[in-house]
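All of the numbers you see were taken from the coordinates with simple rules; none came from a lab. Given the structure is predicted, the values throughout are model-derived calculations rather than measurements. Neighbour counts run over all protein chains shown; Cβ positions are idealised from the backbone, glycine included.
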Amino acid sequence: MTTQETSKPAPEPLSLIQRFVNSVDYDHLDEELETPEALRAWLAERGLMSSDEPVSEGDLRRAIEVREGLRALLLQNNGEPLDEAAVERLERAASRAGVRISFAPGGEPELVPDAVGVDGAIAHLMAIVAASAREGTWQRLKACPRDDCLWAFYDRSKNRSGRWCQMESCGNVEKARSYRERHKTAAEPRV
């Protein structure tokens, strides 16, 4: 687990969405879901599927489309324009992941997976998204807008104004870039 991930963790079970989105670290070019076997291991370690279920290349592609569609939504949660194509791919990839309502005795009705394998894992993730939206925690899960970061973080600020996964890294890099651009423009000769 990286410093980024531990510094602004989402509450359970939304932290599972955060960990899924952060299964690729663009800043260090580290992809946890490189192969179908890696996807199976990642999902099984988190109790989202059995370690003996088959996972295909197509399952891997769908899981990555779900991950990147979720990232697009988290960027939108951070005030960035919505990548509609990524969300369309998310919806298409998640369409096979059936969910149903479960009425546990003495508990609240909840969405639960109505499939197994990767489809069941994706359904579980989608149920977490739906529940967190209902609870009001979804909008606080954001993605860092710095192009080579895009790390998911949980905004715990009172006014929900957190913008960067870490101010001391991404925030300072962007502030310095913005400063250089402003001063470069100001220093250009006028014609």
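Note on the stretch 107-152: the C-alpha convex hull projects to 4.5 nm² when averaged across all orientations. The trypsin sites (Lys or Arg not before Pro) found in the stretch 124-173 that occupy coil by DSSP, while having at most 13 further C-beta atoms within 10 Å, are Arg156, Lys158, Arg160.
Name the helices (complete DSSP H segments) of the chain with a Cα length along the long axis of 24 Å or more and a Kyte-Doolittle mean of at least 0.0, or state none. Let's see the in-between values first.
Numbers: long enough: 57-77 (30 Å, -0.40); 117-135 (27 Å, 0.93).
Both cut-offs are met by 117-135.
Note that the stretch 3-187 shows a convex hull volume over its alpha carbon atoms of 136 Å³ per residue.
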